[in-house]
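Asks: Below you will find the structure I want to go over with you.
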Amino acid sequence: MDYGLLDFLMLLGGLALFLYGMKTMSDGLQKLAGNKLRNVLSAMTKNRVMGMLAGVLITALIQSSSATTVMVVSFVNAGLLSLIQAIGVIMGANIGTTLTAWIISFFGFGKFSISTLSIPLMGLALPLIFSSKSKNKSLGEFIFGFAFLFMGLELLKSSMPDLQNNPEVLAFLQNFTGRGIWSVLFFLLVGTILTIIVQSSSATIALTLIMAVKGWIDFPSAAAMIMGENLGTTITANIAAIPANISAKRAAFAHFLFNFLGLVWLIIVFSPFVNLVDNIIHKATSLHPSDMYAFLGTISPTEYEQITTLPRSKLPADLVNIQSEFMSYQAITSYGLSLFHTLFNVCNVTIMIWFVKFYEKACIAIIRPRKGEEEDEEFVLQYISSGIASTDELSILQAEKETEVYVSRTRKMLDFVKKMTNIPHNDKKFMKLYNRTEKYEDVCDQMEVEIGSYLSKVAEGRLSHQSKERVRGILREVTEIESLADSSCNIARHLKRKMEADVSFDEVIIENINGMFELVDKAFDNMQSLLAKRRISDKELLVSNEIEAGINQRRNRLKRENVENLNQNLYSYQSSVYYMDIISECERLGDYILNVIESLYATHG
């Protein structure tokens with residue numbers, strides 16, 4: 001076989017350039033879109049149809065269904081999309097990704113190939129790359145990616161071995177063609193495995209188109225490979241969801257389930273469906289894509305080499321028409337496969353969109369939490385995950401959601417402390433609550449470090465001024481929230497020391513401490529409400545200040561009363577020490593809560 005190691009490395013290099021171009025183009029478009037992607041998702045996921053349209057639009061824009069589905073998994077992980085909304089968007093992404101095949105067909109296999117303009121396009125993009133404006137940089141990245149993509153495609157086409165000169169490849173593949181359903185399943189499996197290895201359905205679709213137009217495989221076999229690529233691309237989202245929470249895992253599995261069930265019905269009607277596509281292309285072009293395979297069999301190796309390497313002006317007269325027919329067959333075969341890809345996904349979405357609730361129930365039933373997972377998840381980050389590739393803007397949203405979880409944990413610590421205050425210190429539950437409080441305090445310390453480290457990495461990216469302010473605001477909030485955890489833990493320690501000294505609080509002390517807890521609870525409720533909506537008005541800031549002032553006034557009044565009570569010997573001095581320490585920590589809790597709200601106001605007021 002006249003195909004050496006260098007030729008194979010050229011093939012891999014072409015694939016690498018294609019993948020790099022696809023990623024660069026997608027990244028550039030995502031940066032250009034910025035917040036608009038999130039706004040589109042939030043505005044268009046009101047119902048399943050709008051969610052599906054959002055998936056089509058975003059995937060068509062960023063040219064990567066993998067990027068869309070990973071983004072959707074990230075949104076579910078961050079609590080920004082429900083599972084039902086995510087399923088609708090994922091369905092739409094399957095349609096949006098079919099645009100890639102059409103772009104490759106029109107510009108890569110048509111009579112005019114965009115690869116001839118790749119170098120001039122880079123020259124056009126070069127000044128944009130060095131522009132000081134981020135939008136111009138992103139546009140330059142997109143143009144560079146577009147050029148690299150078609151340079152890679154051209155390399156792939158030229159590096160793929162010609163079957164006319166290497167018939168043993170054809171002999172190998174012929175062993176798996178013409179065997180009915182088994183051929184379909186074999187090439188479906190090949191397409192799936194290729195996509196899992198390459199991690200890009202766009203790249204494997206490009207390979208499939210090249211294999212078809214070069215005569216490696218017939219039209220039905222290429223269609224079966226495209227079916228497999230549809231399934232293989234779901235692996236990306238499932239890999240991204242491995243470190244994520246259970247909701248994200250379910251969203252990723254929904255993508256797999258949707259594509260898998262789509263393949264099931266298509267396998268049943270595969271032959272009629274392929275014939276339908278073949279006839280549609282024939283009516284539009286007067287050529288059958290399925291005839292390409294037979295047409296190549298009529299061309300000798302010498303003729304094939306001439307029509308694929310020589311320009312039209314240098315061809316013998318008898319080969320001019322053959323070359324034209326060959327180029328026409330190449331184009332319509334790629335159009336036929338692109339149409340098959342689009343028609344299959346459109347039909348699949350049209351059928352499956354009515355079963356969104358079934359998908360939701362199936363995912364919940366199949367992807368179940370492990371025993372005790374809900375409790376374990378209490379002590380890990382829920383929304384931030386280094387395993388998910390997020391945009392900078394999404395990373396900030398995830399950090400904001402994680403901050404809300406952080407506050408909830410500190411609130412639970414206060415709940416533990418309230419229970420410890422109101423049960424006898426010799427009760428067995430007291431030490432259990434104390435141990436849980438200390439465990440939560442350790443987790444809160446860890447959370448402060450992890451959220452802070454995560455935001456430091458986010459800050460290294462290209463952020464707008466507003467986004468940088470948001471990052472600084474979250475860091476300030478996290479510091480104050482950690483102080484909330486410290487104060488609650490300090491109260492628990494005061495109670496433990498009281499227990500070890502065998503001191504009991506009188507009813508009046510417990511009543512006063514509970515009254516202080518009620519005011520702190522009110523401040524917590526207010527803070528959590530403002531953190532959830534991330535918007536704070538002047539009036540809401542004034543109310544927050546009034547709540548904190550109320551805590552200060554109660555602290556001052558209780559201090560004065562404590563002196564009077566000691567003079568009247570209503571309780572021991574030792575009791576008063578622990579009592580006042582707890583009241584002082586409650587007042588500090590109020591201060592820290594107000595600091596969080598003021599930080600929020602500075603960023604979002």
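Asks: So what J values fall out for the range 131-146 if you push phi through Karplus, 6.51 cos²θ - 1.76 cosθ + 1.60 with θ = phi - 60°, rounded to Hz, Gly and Pro as x?
Replies: Karplus values, whole Hz, x for Gly and Pro: 6, 7, 7, 5, 5, 5, 4, 5, 5, x, 4, 4, 5, 4, x, 4.
Asks: Using label points projected 7 Å from each Cα along Cα→Cβ, tell me how many nm separate Trp354 and Ile366, to one decimal.
Replies: 2.2 nm
Asks: Also, I was wondering about something else. Report the extension gain between Asn514 and Asn321 in nm, rounded to one decimal, defined as 0.36 nm multiplied by the number of residues separating them, less their alpha carbon distance.
Replies: 60.1 nm
Asks: Grab the beta carbon distance between Ser271 and Ser313, set R0 = 56 Å, and tell me the FRET efficiency rounded to 0.05. Don't skip to the end; give the middle numbers.
Replies: Working: r = 43 Å, r/R0 = 0.76.
The value I calculate is 0.85.
Asks: Scale the Cα Rg of the range 390-604 by the rule-of-thumb value 2.2 N^0.38 Å and send over the ratio, two decimals. Walk me through the numbers before you get to the answer.
Replies: Values: Rg = 19.0 Å, N = 215, 2.2 N^0.38 = 16.9 Å.
Against the compact-globule rule of thumb, the ratio is 1.12.
Asks: For the range 82-92, just list the computed ³J(HN,Hα) in residue order, Karplus coefficients 6.51, -1.76 and 1.60, θ = phi - 60°, integers in Hz, with x standing in for Gly and Pro.
Replies: Result, ordered by residue: 7, 4, 4, 4, 5, 4, x, 5, 5, 4, x Hz.
Asks: Given the pairs Lys361/Lys401; Lys429/Lys498; Lys23/Lys457; Lys412/Lys457; Lys418/Lys498; Lys428/Lys498, which are separated by over 18 angstrom at their Cα positions?
Replies: Working: Lys361/Lys401 26 Å; Lys429/Lys498 16 Å; Lys23/Lys457 21 Å; Lys412/Lys457 29 Å; Lys418/Lys498 15 Å; Lys428/Lys498 15 Å.
Those over the limit are Lys361/Lys401; Lys23/Lys457; Lys412/Lys457.
Asks: Stretch Ile197-Ala602 to full length: gain in nm at 0.36 nm per residue minus the Cα-Cα span?
Replies: 141.0 nm
Asks: Compute the length gained on full extension between Asn552 and Gln574: take 0.36 nm times their separation in residues and subtract their Cα-Cα distance, giving the result in nm to one decimal.
Replies: Full-extension gain reported as 5.6 nm.
Asks: Return the distance in nm (one decimal) between the two label points of a simple spin-label model at Ala501 and Arg472, each offset 7 Å from Cα along Cα→Cβ.
Replies: 4.4 nm
Asks: A follow-up question, please. Are there trypsin sites (Lys or Arg not before Pro) in the range 531-572 that DSSP puts in a loop and that have at most 11 other Cβ atoms within 10 Å, and which ones?
Replies: Filter output for the range 531-572: Arg535.
Asks: Now for a separate question. Just want the ordering: Asp218, Asp525, from fewest to most Cβ atoms lying within 10 Å of their own Cβ.
Replies: Placing the least packed residue first, the sequence is Asp525, Asp218.
Asks: Which of the peptides 84-96, 338-350, 140-152, 492-504 is most tightly packed, and how do the rest follow, going by the mean number of other Cβ atoms within 10 Å of each residue?
Replies: 84-96, 140-152, 338-350, 492-504
Asks: A follow-up question, please. R0 = 35 Å: FRET efficiency of Glu561 with Asn426, Cβ-based, nearest 0.05?
Replies: 0.80
Asks: Moving on to the next point. Ranked highest first by the average count of other Cβ atoms within 10 Å around their residues, in what order do 313-319, 227-233 fall?
Replies: 227-233, 313-319
Asks: Through the Karplus equation 6.51 cos²θ - 1.76 cosθ + 1.60, θ set to phi - 60°, convert the phi angles of the range 329-344 into ³J(HN,Hα) values in whole Hz; use x for Gly and Pro.
Replies: Values, residue by residue: 5, 4, 5, 6, 5, 5, 5, x, 5, 5, 5, 4, 4, 5, 4, 4 Hz.
Asks: Which whole number in µm²/s is D for the range 493-601 by Stokes-Einstein, with the Kirkwood Rh taken over Cα pairs at 20 °C and 1.002 mPa s?
Replies: Taking Rh from Cα pairs, D becomes 143 µm²/s.
Asks: I've got another one for you. Along its three principal axes, how long is the range 219-331 when you only count alpha carbons? Whole Å, largest extent first please.
Replies: Principal-axis extents of the Cα atoms in the range 219-331, largest first: 66, 31, 22 Å.
Read-outs throughout are calculated quantities, based only on the coordinates presented, and are distinct from any laboratory measurement. These numbers come from a predicted model, not from an experiment. All Cβ positions, glycine included, derive from the backbone under ideal geometry; neighbour counts span all protein chains shown.
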